[in-house]
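Note sheet for the following structure.
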Amino acid sequence: MKKLYVKTYGCQMNVYDSARMAELLAPIGYGPTDVAEEADMVILNTCHIREKAAEKVYSELGRLKKIKDGRPLTIAVAGCVAQAEGAEIVARAPQVDIVVGPQSYHRLPEMIAKIAREGGHALETEFPALEKFDALPKDGSPAGVTAFLTVQEGCDKFCTFCVVPYTRGAEYSRTVLQIEDEARRLVARGVREITLLGQNVNAYRGEGLDGQPWSLARLLDRLARIDGLARLRYTTSHPRDMADDLIAAHGDNPALMPYLHLPVQSGSDAILDAMNRQHRAEDYLRLVERIRSARPDIALTSDFIVGFPGESDKDFEATLQLVRDVRYASAFSFKYSQRPGTPAAAARKQIPDDVKDTRLQALNALLLAQQDAFKQSCTGRRMDVLFEKPGRKAGQAVGRSPYLQSVHVDGADHLIGQMAQVTIDGVYPNSLKGTLLRQKELAH
Ligand code: SAH
Ligand code: SF4
Ligand code: F3S
């Protein structure tokens, strides 16, 4: 058996794609390894979103070149850097054999056969999205308790800072039938929680069972009926696509978890406009209010960009104010990174790096305080935990709360794959501690 090492950068959609690539190569004799040094084939599934992410790929390629100098090794670059840079990758790093974009990786087996036959390089960066999902294997290796399922790909929003519309192409939704089939297969393999993925997942408009386009809320309702599927989540959503039925689903669909990643990027109307986000700060706050009235305990998270071209101190203060108004459970913040080919990269008023640094620190301090407050507010609460794996200590198991927090529970290792109620009685930097309810009640 040949060994395959896959390294994944970037978002959850890449995590999903990496798993599919591994499944695709299993029938042609590749088994997984965690060690690049012992691999016969390496796939780097790359991310182009910020300069740092893209540069990491080249330093990893440098490391792989040393391995390849000593023995045969097939190197493939997949994902968004592959899509964005194509043949440039091979020019800069000739040790690369295969360059394959996110919509054409189902062709990997052919590409491997081609270079084995003819030598040289193989490159595929087309967008045959329709064909990809049909061509992927239907059943893969054993799944865990939770799984990702891509339902929508691509983006038509063209935020002025973002490469995704160029690397992932136009919005495309899979059919309800195809998604339900994949979800049922996952559940049959032991999955209890599925996160539906899309660059703009709430823009989902896939063909429904009646041949009409269905919304994400309708898809979620359908999936919630699958026996054995306990939890549903979805990510990433755009504020513009938070439809009424989706907001309502947060109150009505019992499988849908009270957690929503709803990136706002900035709290300044001028910056939101320059970013082409197509909404004002006020619209976002109203939206948050409506979501919270459908599901009062919902945990909200977001992404922020600081130092977008033209961002003044006042604009940045508006972002801090929005954060204070919303009160997030957690969030990611990034320094604006100029990406080749995007409109904002050419803007004249770029912000100096030291200003970006100062703003990032200030925003992070505020977000961290909110994250801490949210965690503290969980102490003493009862929650359902879905147990996923053994913990570090004997007998311990680790699971997820409805709010996607890691929860460690002693004496719960027999519950892996199941849901149980716990009382939260400890808060740690990256996790919570819980006690199984039954045990606790017995102790009293
Ligand atoms: N589709 C999602 C975002 C996908 S990219 C949405 O619309 O919100 C993930 C995050 O990376 C973005 O939310 C943004 O905060 C960040 N990001 C994207 N491009 C960036 C850039 N050029 N510089 C810094 N951060 C960026
Ligand atoms: Fe990028 Fe904007 Fe599309 Fe999100 S909505 S993927 S930030 S262009
Ligand atoms: Fe990165 Fe591509 Fe995802 S650029 S964030 S891997 S869609």
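We did not get these values from a lab; they are worked out from the coordinates using the rules stated. Remember, predicted model here, so these are calculated numbers, not experimental data. Using ideal geometry, Cβ is built from the backbone for each residue, glycine included, and neighbour counts are taken over all protein chains shown.
Sort the following peptides by mean Cβ neighbour count (other Cβ atoms within 10 Å, averaged over residues), highest first: 384-391, 35-42.
384-391, 35-42
State the answer as a single residue: which of Gly391, Ala318, His261 lies farthest towards the positive end of the charge dipole of the chain, with beta carbon charges of +1 for Lys and Arg and -1 for Asp and Glu, about the Cα centre.
Projecting each Cα onto the dipole axis, the largest value belongs to Gly391.
Full-extension gain between Glu23 and Ala116, please, as 0.36 nm times their residue separation minus the C-alpha to C-alpha distance.
Working it through step by step, the gained length comes to 31.5 nm.
Once a ≥ b ≥ c are taken as the square roots of the eigenvalues of the Cα gyration tensor of the range 1-89, is the result rounded (a/c under 1.5), prolate (a/b larger than b/c) or oblate (a/b not larger than b/c)?
Oblate shape, in that a/c is at least 1.5 and b/c is the bigger or equal ratio.
At a Förster distance of 35 Å, what's the computed FRET efficiency of Asn364 paired with Ala394, Cβ-Cβ distance as r, to 0.05?
For Asn364 and Ala394, the calculated efficiency is 0.45.
Run the numbers for Glu317 and Asp410: contour at 0.36 nm per residue of separation, minus the present Cα-Cα distance, in nm.
The span from Glu317 to Asp410 would gain 29.1 nm if fully extended.
Return the distance in nm (one decimal) between the two label points of a simple spin-label model at Val35 and Arg205, each offset 7 Å from Cα along Cα→Cβ.
The two pseudo-label positions are separated by 5.1 nm.
Let a ≥ b ≥ c be the square roots of the eigenvalues of the Cα gyration tensor of the range 131-234; is it rounded (a/c under 1.5), or, if not, prolate (a/b larger than b/c) or oblate?
Prolate is the answer for the range 131-234, as a/c is 1.5 or above and a/b outweighs b/c.
Expressed as a rounded percentage, what relative contact order does the chain have, with Cα pairs under 8 Å and six or more residues apart?
Relative contact order, the chain: 9 percent.
What is the dipole size for the range 340-444, taken about its Cα centre, with +1 at each Lys and Arg Cβ and -1 at each Asp and Glu Cβ, in debye to the nearest 20?
The dipole magnitude comes to about 140 debye.
Using 0.36 nm per residue of separation minus the Cα-Cα distance, give me the extension gain between Ala373 and Ala91 in nm, one decimal.
Contour length minus the Cα-Cα distance gives 96.5 nm.
Under 19 Å Cα to Cα from Lys349, which lysines show up? Leave out anything in the same chain fewer than 8 places away.
Lys314, Lys335
Based on the Cβ-Cβ distance of Asp269 and Asp244, what FRET efficiency does E = 1/(1 + (r/R0)^6) give at R0 = 30 Å, to the nearest 0.05?
Given R0 = 30 Å and the Cβ-Cβ separation, E is 0.80.
Can you compute 3J(HN,Hα) from phi for each residue in the range 346-358, using the Karplus curve 6.51 cos²θ - 1.76 cosθ + 1.60 with θ = phi - 60°, rounded to whole Hz and x for Gly and Pro?
8, 5, 6, 7, 6, 9, x, 5, 5, 5, 4, 4, 4
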